[in-house]
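Engineer: Input: one structure, supplied below.
Just so it is clear, none of the values below were taken in a lab; they were calculated from the coordinates. None of the values given here were measured: they were computed from a predicted structure. We place every Cβ from the backbone using ideal geometry, glycine too, and count neighbours over all the protein chains shown.
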Amino acid sequence: MRVLLIEDEPNIIEAINFILSREGYDVVTHANGHDAMDAVRDRAPNMIILDVMLPGRSGFEILEDIRADQAFAQTPVLMLTARGQTRDRELAEKLGVSKFMTKPFANSEVLETVRTLTANV
């Protein structure tokens, strides 16, 4: 089960990579918004964990592209944000996010969410 983590904060990359790899997930990472869709297409993940604030393009723009791409329109997407404002959550839901989580998060919460979102993939 391949998880693509699109995140630019090294400590978060390390934490998520560690907890998911330990559970047997194949975690691949990408650190910017400029060419995030290329990474999605190249790596064909079963699930995507997407930061909202990235260099180049926002996670919202990338989510919109993911949902518009027929090959990935149904791929589960977990969005992470340091800004837990209601309007961010509402925008993410409108764009088709599978789950929205604010930072800081509990490692167990991320793991449980990934398990749930990939259960039927």
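Engineer: Using alpha carbon coordinates only, what is the Rg to Rh ratio of the chain, with Rh defined as the Kirkwood radius?
Structural biologist: 0.91
Engineer: Relative to a virtual label point 7 Å from the Cα of PHE105 in the Cα→beta-carbon direction, which members of region 35-56 show backbone nitrogen distances below 16 Å?
Structural biologist: 46-54
Engineer: If the chain between ALA44 and ARG83 were fully stretched, how many nm would it gain, using 0.36 nm times the residue separation less the Cα-Cα distance?
Structural biologist: Stretched out fully, the ALA44 to ARG83 stretch lengthens by 11.2 nm.
Engineer: Considering the chain as a Gaussian network with a 10 Å cut-off on Cα pairs, which listed residue, GLY59, GLY33, GLY84, attains the greatest mean-square fluctuation?
Structural biologist: GLY84
Engineer: Could you pull the Cα extents of region 1-49 along its three principal axes, largest to smallest, in whole Å?
Structural biologist: Per principal axis, max minus min of the Cα coordinates gives 28, 23, 11 Å.
Engineer: Pick out which of ILE16, ILE49, ILE62 has the largest mean-square fluctuation in a Gaussian network model of the chain, springs linking Cα atoms closer than 10 Å.
Structural biologist: Top of the fluctuation ranking is ILE16.
Engineer: Tell me the label-point distance for the pair GLN74, GLU93, using the 7 Å Cα-to-Cβ offset, in nm and rounded to one decimal.
Structural biologist: My value for the distance between the label points is 2.4 nm.
Engineer: Could you pull out every residue, at least 5 positions away or on a different chain, whose amide H is within less than 5 Å of the one on LEU50? Hs are placed 1.01 Å off N in the peptide plane, and Pro or chain starts have none.
Structural biologist: Residues meeting the amide H criterion: ILE6, LEU78, MET79, LEU80.
Engineer: Using 1/(1 + (r/R0)^6) with R0 = 22 angstrom and r between the beta carbons of THR116 and MET1, what's the FRET efficiency to the nearest 0.05?
Structural biologist: 0.95
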